[in-house]
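Data block below; observations after.
The values are calculated or read from the model by the stated rules, or taken from the named source; none is laboratory data. In this text, all values refer to a predicted model and were calculated from it rather than measured experimentally. Cβ: placed from backbone, ideal geometry, glycine included. Neighbour counts: every protein chain shown.
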């Protein structure tokens, strides 16, 4: 096996910085693209897997609970719930109703991004 050495700046990148950079990329792409946003959200969630140790997870969940009581955290969830309730009055099949709700799923990522940026340096 050949040992690989990386230049100095690559060695200093840690997982938190990668998660923060991907979260910023998600925020930038959120209003414009659906495919890019979905891909970036997947990468961002994968990059946060190393942080799912018990103490960090408990701290994040309590931070998320607190955030959902603020207008910035609750508004996206309420908008998604209103959209889901609005689908009940549609005159189409259930499959088409669920497809119509697909554009609103990005709203549920906003509280998670707020938690990411609160704990970020």
* Only residues in the range 1-30 that are under 14 Å from residue 48 (Cα atoms) count as the first member; pair them with residues that are assigned to a loop (DSSP other than H, G, I, E, B) and at pLDDT below 80, Cβ under 7 angstrom, at least 6 apart or cross-chain, and list the lot. => 20/120
* **Residue in the range 62-82 that is touching a helix residue (DSSP H, G or I) at 6+ places or on another chain (Cβ under 8 Å), at pLDDT 85 or above, surrounded by 11 or more Cβ atoms within 10 Å (Cβ to Cβ) and part of a loop (DSSP other than H, G, I, E, B) present** => yes
* To do: Residues being in a helix (DSSP H, G or I) and within 18 Å of residue 120 (Cβ to Cβ): count how many of those fall in the range 30-57.
  => 13
* Structure fact -> Those residues of the range 83-96 which are at pLDDT 85 or above and either assigned to a loop (DSSP other than H, G, I, E, B) or under 22 Å from residue 28 (Cα atoms) (or both) amount to 91, 92, 93
* Kindly list the number of the only condition in (1) at pLDDT below 85; (2) in a helix (DSSP H, G or I); (3) exposed (fewer than 15 other Cβ atoms within 10 Å of the Cβ) that fails for residue 99. => (1)
